[in-house]
Amino acid sequence: MRILIEDVNILIDDKIVENKNILIENDIIKQISDSKSFGRIDYIIDGKNKIALPGLVNTHTHLAMTLFRGFADDLPLKEWLEEKIWPQEAKLTADDVYWGSLLGICEMIRGGTVAFADMYFFMDEVAKAVAESGIKASLSVGMIGMAGDENETLNRGVSFAKNWHNAEDGRIRVMLGPHAPYTCPPSFLEKVIDKAIEMSLGIHTHLSETYLEVENIKNMYGLTPIRLMDRVGLFNVPVLAAHCVFVDDEEIEILSEKGVGVAHNPQSNLKLASGVAPVKKMLEKGVKVGLGTDGPASNNNLDMWEEIRLVATLHKGVERDPICVPARDALIMATKNGMEILGFENSGIIKEGYKADLILVDVNKPHFYPRHNLVSHLVYSASSSDVDTVIVDGRILMEKRELKTLDEEKIMYEAEKRAFELIKKS
């Protein structure tokens, strides 16, 4: 399949390059040129008044929690989890997770997200939803190492990885998913690390999300979560660490030295009153920071444009520094950094020879005028509804706001029905 995007502006590095033509051949950006002389073309997309930029990457979520969106808002975290979310999650079926995941994927594609990292239950159903939709994903079976048989728990994650890692021509990647240090003791984590090394897999986990978590881990082991993970050897494999809100300078050095990818979830951390991660210090020390939404029950959406805007404004206020996270850095976190953290190679930028994972943003709207700085407008003015076209591995998943691979009406109906059936079981 040879697709030509004509007369489009392109975000390259931190600049908008105007009026170019992009040739996509199969899953690769074959050529970026002033010319339109590319020979046979199977499909043409009009790029006028649009900006092509790398697709957005959601580095941390629990996708099927779409079913609990709005169910338990404005509660303390402990009450939210123990009295509301966990009891409902205990009743989830594989079918629930399948339809809840499809609902989340619809939302993400509509907002220009082309890849995401997910940790949850019934992950075979999430993988099926990813396969059907055409989106990319790094998937992990959430593993609790303090309940039941440790080996059986680990084997679920290992079996899933054997079935799905690098499936769908590499669109699906798998990490092992020990939930967190407070649910996975060092003895279990050591087993996970050994398997990750044996299978050449990364690890997706939650680290230092709340002050209480850090204090509890210190009381149990005499070390903070980051230091404990460093001691047990977790960082000897590629790690995607969600949150990292309460980390000190020495821990930031560890994250940097060990190449840990951090999923920063600013909106969820604020909504749950967890705190604000020291992103300025992380960036200064070279930590690779991506952006995530966390689960749709704690955010309450999967809109990466909101996270982009928030990361570029929140830290300015916290640090009292108007340049600490400039627009360019916010976009890099949401695109290039995210793809690298998830382990997808040759993606995250628009460049010849790279994967055709890109979106077109319609900038022919009042909030993009006057056009003093379109890069700035993408961060501070754009919204998910501005995304016109989404392409993943050279396949068009949405064009002119119409989803091409999913039946949106059916998915909304099925997810709504299952969400309320779950609540009725209470």
Does any residue of segment 141-154 turn out to be in contact with a Phe, Trp or Tyr (Cβ under 6 Å, 6 or more places away or on another chain), at pLDDT below 95 and not in a helix (DSSP H, G or I)?
yes
When residues of segment 14-37 are limited to those that are in a loop (DSSP other than H, G, I, E, B) and in contact (Cβ under 8 Å) with a residue 60 or more places away in the chain, the one nearest to Ile391 (Cα to Cα)
Asp27
Pairs where the first residue, in segment 114-130, is over 15 Å from Ala263 (Cβ atoms) and the second is of a type in the set (S, T, N, Q) and crowded, with 24+ Cβ neighbours inside 10 Å, C-beta under 6 Å, 6+ apart
Val126/Ser101; Ala129/Ser101
Going by the structure shown, is Thr313 at pLDDT 95 or above, of a type in the set (Ser, Thr, Tyr) and outside any helix (DSSP H, G or I)?
no
Being surrounded by 14 or more Cβ atoms within 10 Å (Cβ to Cβ), assigned by TED's automatic domain parsing to the domain that holds Ile10, of a type in the set (Val, Ile, Thr) and not in a strand (DSSP E or B) is true for just one of Val390, Val379. Which residue is that?
Val379
Consider Ser347 carefully, then state whether it is of a type in the set (Ser, Thr, Tyr) and farther than 27 Å from Pro238 by Cβ.
no
Quick check on Ala94: is it farther than 21 Å from Val390 by Cα and touching a Phe, Trp or Tyr at 6+ places or on another chain (Cβ under 7 Å)?
yes
Enumeration of residues in segment 64-119 that are surrounded by fewer than 24 Cβ atoms within 10 Å (Cβ to Cβ), among the charged types (D, E, K, R) and not in a helix (DSSP H, G or I)
Arg69, Asp73, Asp74, Lys91
Where a residue in segment 75-91 is within 22 Å of Leu270 (Cβ to Cβ) and modelled with pLDDT under 90 and its partner, wherever it lies, is part of a helix (DSSP H, G or I) and not aromatic (Phe, Trp, Tyr), with Cβ under 7 Å and at least six apart
Leu75/Lys84
Test Gly338 against the criterion of being surrounded by 14 or more Cβ atoms within 10 Å (Cβ to Cβ) and within 19 Å of the chain's Cα centre (by Cα), and give yes or no.
yes
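Going by the structure shown, is Asn364 surrounded by fewer than 19 Cβ atoms within 10 Å (Cβ to Cβ) and out of contact with any helix residue (DSSP H, G or I) (no Cβ under 9 Å at 6 or more places or on another chain)? Give the steps one after another, and end with the answer.
Working: surrounded by fewer than 19 Cβ atoms within 10 Å (Cβ to Cβ): yes; out of contact with any helix residue (DSSP H, G or I) (no Cβ under 9 Å at 6 or more places or on another chain): yes.
Judged against the criteria, Asn364 is a match.
The values are calculated or read from the model by the stated rules, or taken from the named source; none is laboratory data. From a predicted model like this one, the values you see are computed outputs, not experimental measurements. Neighbour counts are summed over all protein chains in view; Cβ atoms, including those assigned to glycine, are modelled from backbone coordinates with ideal geometry.
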